[in-house]
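Okay, structure first, notes after.
The values are calculated or read from the model by the stated rules, or taken from the named source; none is laboratory data. All of these numbers come straight from a predicted model, not from anything done at the bench. Here the Cβ positions follow ideal geometry from the backbone for every residue, glycine too, while neighbour counts run over all protein chains shown. Accessible surface is based on the protein model in full, side chains and every heavy atom, while ligands, DNA and RNA are left aside. Shrake-Rupley method; radii C 1.70, N 1.55, O 1.52, S 1.80 Å.
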Amino acid sequence: MIPTPRLGALRWLPAVLACMLLGAGAAWALEPNEYRQLLGLDSRRLIWFLAQVKLFFAAFVLGVPLFAVTIEYIGWRTNDAKYDKLAYEFTSLLSVAYATTAALGGLFAFALYGLYPTFMGYMTGIFRDVMFLYALLFFAETFTLYLYYYGWNWLGGRTPFSLAVQRLFKGLGIAVLALTVLFLAGGFGPPMRGDTRWFMALLYLLPVAAGLFIIRDAKGVHIFIGILLNVAGTAIMQVANSWAGFMMSPQGVDKEGVLTGTVWQAFENVLATPIAVHRMLGNMAFGGLIAGAYAAVKFIGAKTEDEKAHYDWMGYVANFIAISALIPLPFAGYYLGREVYSFSAVMGNNMMGGDFSWTFIIQAVLVGSLFILSNYYLWTGMTRIPGAERYYGYIKYILGALVVSFAIWLTPHNLPLTGTEVGQMGGSQYHPTLKFMGLMPAKNAVINLIILSTFFSFLLYRRGNKLDAVAISAQGWLARGVILAAAAVSLYIVGQYALSLFLLEPKALDLPADRAGYFRVLAWLLVAHCAAAVAAAALALADRGKLAQNLFMAVTAFNVTLFLGVYGFVVMEKASPFLRNIAVAQFLMIIACLVLVTAIDVFLFRGAREVGRLQWGRIPVRSQYALLALSFVITMNMGLMGFIRSGLRGDWHIVGVMRDTSPWSFTPSNFTMTQMVSLSVLVFMVSIAFMFWLGGIMAKHKSPPAEAPAPREEPTRA
Amino acid sequence: MRSAVGRVFVFLLLILGTFLWIGQAVTALTGGEKAAAGAVEVSPEGGETIFWGKGRCFTCHSVGDRGSAVRGPNQGVFGEKFPLPIGARAEERAKERSTKTGQNYVALDYLVESVADPGAYVVEGYKNEMAIVYAPPIALELKEIKAVLAYLQSQGGEVDLEAIEKPSEVSQKYYAKMAAAGRRGRR
Amino acid sequence: MPGALVFIYMTLALIALAILVTFSDRHMHEFVRPVKRFLRGDFGRVPRAAVLALVPLLAGWQVWDITAPDVAVPAALRIQHPSSNFPKSFETLKNPLANPPEADVQAFVEQAKAGNVAFIAQVEADVKRWREANADRHGLEFIATAPMKKFLDALKAGTVDPQTAKAALVEKYLFEGRALYAMNCRACHGDSTAGDGPMADGFKLRPINFTDNGTIETIVEGYTFWRVTNGGPGLPTEATPWDSAMPEWKLSLTEEERWKIILAEYDLAQKTPRIPESH
C-alpha cells in the first residue's frame, strides 16, 4: 500500500483550480479570443485527447462504486462472503484508477486554461462558485473512497449495534426520506426543471435515506460510506456536466455573454440533466464492462480451474450489471436527443440529418454490435449450464430477429449511391422501398425488438438448468405481492399514458381536429396492453407463469414492433407531430413488459429442481473475447458520442454566445474522429491494464478481506 | 498471464483497426476529408481551397474544364466565349472599366470590384445574380478573399501578393467594406 | 439494390452465420468436422483439388474486379439537410401569413366590404379579367373554397367574426401562393408538388418531392424559408458534391412572396411543417 503519493497527486488539484479562479471575471468575455499552442500541436486535438482519456477514467471511477456497493449489499444480506470478496476486488481496481483520474483532471484543466485562456476565463467568471464546490466535492470523494477501501476490514463486523443506535439510524433515514418527498414535491430548493429535481432526489437524497435506514452493524456503516462515495461521485459528475451542457445550451446569459440570470440558471441549463442521466447509465455500463474485461483477461490467462471459475463468474456478474444499464440507455439517449431538438431544431437536424448523420450510422453499428455481442455472450454462457441445450433451438430465431432488426437499423435513409444506381432509381436519391427503413418509425420498431430479444435471451439463460416451473400459489404472500405490485407498476406506466392520450387535443400538437382519431388508436392499443398485463398477472397467480410471460411478451412485441412499426408510417403521413408520442408509447410498453415479466420470472423458478449445477469456467474462450469486444466497443462508442455532443456546437465555444475563432473551428471528418477515438481508447486500455497490473502486485502482498473458496458451484445469481 | 495480455492487445488492435476502417470508408463515401476551413494563407493554393470549398465559388464558376457549373462565367479558357483565362482576361476587362468610369482600373481592381460589388460590371450574357460572399451564409473573411484573388491571378496572370496587400485606392474602398462585414459575429 | 446496402446486408449475414456456428463447442465441431474431412480428402481427391483451385481463383477475380479501372461514377452521398451555416435566428421563424395579425385581417375585411381587395401584381390581370366577366358577383368569389364562401356569406349577412375573416385571408394568401408556385416552382417541383415538373428530369439531383414524408415535413418552417431564400448557392460545403440547382430566390421574390409560396407549398403537399420541440 502506498497511499501517500496517490493522495499527493490530488492535493494540488483544488489548490490549482482555486488559484485559477481568482481574478477571473465576466469581463473576459468582451476581449478578443486568445488561443495558444503547446509545442506547435493542434490545441483542439490535444484537448480532445486529454478530455477523452480523462473521461474514460472518470466514467470507470464513477461507474464501479455504483455496483461495488450493490454487490457488497447483496453479500451482506445473503451472508455470502463470495460477493463481499468480489465487491472488494472491484473496489481495488478503483483505488488505483482514482489517482490517475485526478491527475488527468489536473492536466486537462491546465491544458484548458493554458490553451484556451479567454474561453476558460469566461467560464470561470460565470461558474466561479460552482468550481469551488467542485473542488470541495473532490475532497468528499477522496475521503469517502479511501475510507471505503481501506476501511473494508475495519468496518467489516457483523455484530449488531444496540437497539437504541439502530433506532437512531432508522429515525434519521426516515427523516431524510421525508425530506426527499418534500423535495420532490417542490418544498425546498431553487426552481428547477422536473428532470433535475428527480435526478437529485433519486440519486442524492433517496440513497442517503436508504443507507441510513439499513444500518444495523459495522458492515452497514461501511455500505453507507459506499453510498456517500457514490453521492459525491455523482455530484462531481453533475457539476462538471453542467459546464458541458452550458456550452451547448447556455442559459442565464445574454447574447454578449453577460450574466443576466443567476448562476443556478446557468448551472441548470437545458441539456445539463439529460446529459447527466445519459452519463449515469453510460458510466454504469462502462464500469461494468471494463471490470468484465479485467475478468476476461484474467480468465484467458488463468492457470487453474478454480481461477477460471472465479473469473468466469466475475465476468458474468460484471456483464449482467452492464446489460442492465445498457437496456435503458437508448431511451435516455432518445430523451437527450429530444432535448437537443427542443433547444435548437437546427442542432437536432445537424445531429440526425446533417454533419453527424453518418457518425450516427457508425454509432448504430457500434450499438448494434453491443447488443449482438451481449447475446452471444449469453448464448456461449448457456453452454456451461447443463440442460440449456433444450433452448438452443430458440437461438437461431432470436439471432434471426436480431440480424434483421440490425439490418433495418443500419439502413440509411440517405444512401451512398453511384451515378449508375441513381439512374436506376429514376434520378432520385432515395430507394423506392428501402427508404422507409431509414425513417424514424422503422428505427424505433427495430431497436425495441432488439431490446426485447436480448431480454428473451436472458430469460432463456436464467432457466437454462431449471426443470419445472414452481407453483407461484405455493410461494406465499411475497410472491403474490411482488407480482401484483409489478403488474400495478406496468398498469400505471402504460395506463396513465393511455389516459393522457385520450385527453390529448389535436390542437396541442398544432394538428387539425379531425386527426384526433390517430391519438385514440394508440390509446386503445395501450389499453389492450394493460389488459394483457392484467391477464398475465392473473395467469401467473393461477400457476400458468410461462404462459403469462409468453402472452405478455408476444403482445408487447406485436404492439411495439409490428403494429406501431407500421402505424408509425401512417401517423407520419397524416399527423407527423404525433410520432413522438408513439415513440414514448413504445418505450413505456417495453418497460412495463420488462418489469412484469422479470417479476414473474423471479418466482417462476425460485428453488426449482435443477438438471445440474452451473459449471463456472467451462465456457469457450471465445466468450471472453466477446466480453472484451464489448468493453472495447462501448469505449469507442463513448468517444464517438462525445464527438457528436461536442461537435454539435459547430463553430461556437458556447452556442450563440462565444464563437470559436481559432483555426480549428471546423467539424472534423469521421475518419479524424475514428483516429482520435482509437488513439484515446488505445491509451486508456494500455494504461488501465498497467494499473490493474499494479493492483495485482499490491494484492499479492496483502490478503483479501475474507478468504472464500473460489465458487465452483453456482452462486445465487446476481 | 503475459501471453493473455498480448493476445488481448492484438485483439484490441484488430477491433480498433476495424473501427478506423469504418471511419475511413464512411469519410471516403461522404466526400472525403474536407480541408480545414480555418486559416488559409494569402496564396494561390490557399485561394484554390476557398474557391473549391468554403467560398463555394465552384457552384457557379468553372475553371477551364474543371467543374461543371455554367451559371457564372468560366474562370479559365473555355470555348469561344472565354479565350483568355481570368488572370489575363482581367486586364482587358479593367481597361474597359477604366474607360467607362474614368477611374484608373488595373487588373486587380477589376477582380476586387467583381467580388465586392458583383453587379458593378456584369459579363455580357450573364445575370446579376452572384451571392455576396462576405456576408452570411458564406461569410468569407477579407484574408480569404485575398487568397481567392491570388488564385484568380494565378489563372494566366501574374500573381502579385504585394499588390494584393496594398492595392490602389479603388480597391482600398472595397477592402474596407468587406473587412467591416467580415468582423461581424466575432469578438 | 444499391451496392452499399448489399455490402451491409451480406456482412451481417456472415456475422450471423459465424455467431450461430461458434456459440457452442458442439456446433463448432459439427461445422468444422466436414470441412476438415473434406480437406483431408475423405470426399475424394478430385473435388478437393477443384475447390482448392477455385478458391484462389475466386479471390483473384475479386481483387481484379476491385482494382481494375472502370468508368463508373464514384459513389457519392449528399447531406439531406445541410445546415452548418443555417442562421440560428431563422430557426424559430413562423410563417407570418399562416396567422395574420389583427390589423391585416381588419384591413382585409374593409377591402372586402368595399369590393376592392388588392392582389399581388402577378395575378392582378387574371383577377381583373374575371371581375369584368362576372361584374354581378363579389370580387372574391372566384376563390371558391369553403372558408371563403363562409366569409362572403357572413359578409353579406353582416356577421363577420375575426376567425372567419382570418381564414378567408389565409385562403387569399394560399391563392396567391399557388399562383406564385405555378410561376416559379412548378417547372421543377411539379403540379402535384411531387418533384415531377416538366424540367425535373433534366437534373442530376431530382427536385425534391414535397409529398414524401421525409422532406418538408421533417424540417421547421424557418429552414424551408432559408432554403427557398438562399437556394443552392446558399448551401454549405457538406451539401456537395451533388449541388442543388435551386435558384437564390431572394434575388427575384420578396420576402412576402416567398412566405406565400411556402404556405401554398405545404398546403398543396398536404403536409405540416415540423414544430420546434418545446422544453
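A few remarks follow.
- If you go through the range C:195-204 and keep only what is open to solvent by 30 Å² or more (accessible area, probe 1.4 Å) and either closer than 20 Å to C:Ile120 by Cβ or in a loop (DSSP other than H, G, I, E, B) (or both), you end up with C:Asp196, C:Pro198, C:Met199, C:Phe203, C:Lys204.
- When residues in the range A:304-331 are screened for being open to solvent by 10 Å² or more (accessible area, probe 1.4 Å) and in contact with a Pro (Cβ under 9 Å, 6 or more places away or on another chain), 2 of them pass.
- Number of positions in the range A:625-652 that are β-branched (Val, Ile, Thr) and away from chain B (no Cβ under 13 Å): 1
- Taking first residues from the range A:147-164 that are at negative phi and partners that are assigned to a loop (DSSP other than H, G, I, E, B), the Cβ contacts under 6 Å between residues at least 6 apart in sequence or on separate chains come to A:Trp152/A:Pro705; A:Asn153/A:Pro705; A:Pro160/A:Arg216.
- For beta carbons closer than 9 Å, sequence separation of 6+ or different chains, a first residue in the range B:11-30 that is farther than 18 Å from C:Pro2 by Cβ and outside any helix (DSSP H, G or I) and a second that is open to solvent by less than 30 Å² (accessible area, probe 1.4 Å) and at pLDDT 90 or above, there are no qualifying pairs.
- Counting the residues of the range A:651-681 that are in a helix (DSSP H, G or I) and open to solvent by 50 Å² or more (accessible area, probe 1.4 Å) gives 3.
- Options A:Met691, A:Met676; residue that is modelled with pLDDT of 80 or more and more than 18 Å from B:Thr18 (Cβ to Cβ): A:Met691
- Listed by position, the helices (runs of 4 or more DSSP H) enclosed by the range B:94-187 that each have at least 1 residues that are at pLDDT below 85 are B:169-183.
- Exactly one residue out of C:Glu238, C:Glu217 is assigned to a helix (DSSP H, G or I) and at pLDDT 80 or above: that is C:Glu217.
- Residue identified as surrounded by fewer than 20 Cβ atoms within 10 Å (Cβ to Cβ), touching a Gly at 6+ places or on another chain (Cβ under 9 Å) and at pLDDT below 90 among A:Gly220, A:Gly194, A:Gly252, A:Gly287: A:Gly252
- Residue list for the range A:122-153, filter: assigned to a helix (DSSP H, G or I), open to solvent by less than 30 Å² (accessible area, probe 1.4 Å) and closer than 17 Å to A:His222 by Cα: A:Glu141, A:Thr142, A:Thr144, A:Leu145, A:Tyr146, A:Tyr148, A:Tyr149
- Residues that are modelled with pLDDT of 90 or more, open to solvent by less than 10 Å² (accessible area, probe 1.4 Å) and facing chain C (nearest Cβ under 9 Å), drawn from the range A:350-381: A:Asn375, A:Trp379, A:Thr380
- Considering the conditions (1) assigned to a helix (DSSP H, G or I); (2) of a type outside the set (A, V, I, L, M, F, W, C); (3) more than 25 Å from the chain's Cα centre (by Cα), A:Gly156 is excluded by exactly one of them, (1).
- Residue satisfying condition, being assigned to a helix (DSSP H, G or I) and in contact (Cβ under 8 Å) with a residue 24 or more places away in the chain, within set C:Ala4, C:Ala18, C:Ala13: C:Ala4
- Qualifying residue in the range A:410-423 (condition: more than 7 Å from chain C (Cβ to nearest Cβ), modelled with pLDDT under 85, open to solvent by 20 Å² or more (accessible area, probe 1.4 Å) and not in a loop (DSSP other than H, G, I, E, B)): yes
- Residue within the range A:643-660 that is farther than 24 Å from A:Ala276 by Cα and out of contact with any helix residue (DSSP H, G or I) (no Cβ under 9 Å at 6 or more places or on another chain) present: yes
- The range C:12-22, subset surrounded by 13 or more Cβ atoms within 10 Å (Cβ to Cβ) and not small (Gly, Ala, Ser), residue nearest to A:Phe406 (Cα to Cα): C:Leu12
- Being open to solvent by 30 Å² or more (accessible area, probe 1.4 Å) and farther than 15 Å from A:Pro274 by Cβ is a property that A:Ile214 has.
- Extreme residue, farthest from A:Val686 (Cα to Cα), among residues of the range B:8-27 that are open to solvent by 40 Å² or more (accessible area, probe 1.4 Å) and more than 7 Å from chain A (Cβ to nearest Cβ): B:Trp21
- Which numbered condition A:Gly517 misses (of (1) touching a residue at least 24 places away in the same chain (Cβ under 8 Å); (2) open to solvent by less than 50 Å² (accessible area, probe 1.4 Å)): (1)
- One residue from A:Pro512, A:Pro506 being within 14 Å of another protein chain (Cβ to nearest Cβ) and either open to solvent by 10 Å² or more (accessible area, probe 1.4 Å) or out of contact with any Pro (no Cβ under 8 Å at 6 or more places or on another chain) (or both): A:Pro512
- Verdict on C:Leu57 being under 30 Å from A:Pro432 (Cα atoms) and either more than 7 Å from chain A (Cβ to nearest Cβ) or open to solvent by less than 50 Å² (accessible area, probe 1.4 Å) (or both): no
- The listed residues are C:Tyr173, C:Tyr223, C:Tyr266, and the only one of them that is among the aromatic types (Phe, Trp, Tyr), surrounded by 19 or more Cβ atoms within 10 Å (Cβ to Cβ) and either in contact with a strand residue (DSSP E or B) (Cβ under 9 Å, 6 or more places away or on another chain) or free of Cβ contacts under 8 Å to residues at least 12 places away in the same chain (or both) turns out to be C:Tyr223.
- Whichever residue in the range A:540-562 is of a type in the set (Gly, Ala, Ser) and crowded, with 16+ Cβ neighbours inside 10 Å and, among such residues, is nearest to A:Val404 (Cα to Cα): A:Ala557
- Filter pass, A:Arg622 being outside any helix (DSSP H, G or I) and more than 7 Å from chain B (Cβ to nearest Cβ): no
- Residue within the range A:50-69 that is without any contact (Cβ under 8 Å) to a residue 12 or more places away in the chain and open to solvent by 50 Å² or more (accessible area, probe 1.4 Å) present: no
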